[in-house]
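Okay, structure first, notes after.
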């Protein structure tokens, strides 16, 4: 999975065990899903998981890791990974924005991202299969980035991993959970809380004023592929200025 601020990787056994102790739990909601690391662990434990996140990149991660079941896509994914890994680079928006105007990636890898992302768009894939391929590309790019783990800035000198060649891998998509198929949603958390129903709700909201959209704007642009105007040294999407969650503001959330 991608590098992520506030990852609960080390807490997964505790979270899963705590939910297990609640009794006859079959379904869980993750209201702020992020990378879906917690939801993935809960799905592996057999729970029917519903996730929510208002950012498109996070909802795509959840569609891959929570909603999609391995047996439904694995053959197609393996074929597409091989096909896309053979594509030559073709520079475009991603290369110009994130490799030349900024330095998140080496241009050779930016050109591979451009080529593969355009190929995914051209395929017109079913939503779940498309999500898995987008996650494969996101994770491949994450392995060759030049950041400290957030995209508010890039390193002044190239990270050693940035020189490696971008290579897709098959994401760790799980079989269907024994308590049923998961679902991924892309809603405001307050709207999701009114809509979704489960035995247990796991809530892990943002910690401060910095939005996850601003921290991971490259992934948002990669998933949406809307090629937006950008601003600043980090080439953030222009909508980072106004797409802010009330959960990033104590006064706004309190009202």
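Assorted remarks:
- When the chain is treated as a GNM with alpha-carbon contacts under 10 Å, the residue of 193, 111, 59 showing the greatest mean-square fluctuation is 193.
- Taking 7 Å steps out from each Cα toward its Cβ at residue 241 and residue 148 produces label points 2.6 nm apart.
- The ranking of 144, 218 from fewest to most other beta carbons within 10 Å of each one's beta carbon is 144, 218.
- Region 9-254: relative contact order as a whole-number percent, Cα under 8 Å and 6+ apart: 27 percent
- Burial ordering of 246, 66, 238, 120, fewest other beta-carbon atoms within 10 Å first: 238, 246, 120, 66
- Taking 0.36 nm per residue of separation and subtracting the Cα-Cα distance, full extension of the segment from residue 18 to residue 183 would add 57.2 nm.
- Cα-projected label distance for residue 85 with residue 10, points at 7 Å along beta-carbon direction, nm: 3.3 nm
- Top of 77, 113, 200 by mean-square fluctuation, Gaussian network on the chain, Cα under 10 Å: 200
- Nearest-0.05 FRET efficiency for residue 156 and residue 204, computed from C-beta distance (R0 22 Å): 0.10
- Label positions at residue 167 and residue 190, each projected 7 Å from the Cα along the C-beta direction, are separated by 4.8 nm.
- Residue of 205, 107, 126 that the Gaussian network model of the chain assigns the largest fluctuation, springs spanning Cα pairs under 10 Å: 126
All of the numbers you see were taken from the coordinates with simple rules; none came from a lab. Quantities reported herein were computed from a predicted structural model and do not represent experimental measurements. Virtual Cβ from ideal backbone geometry, glycine too; neighbours counted across all protein chains shown.
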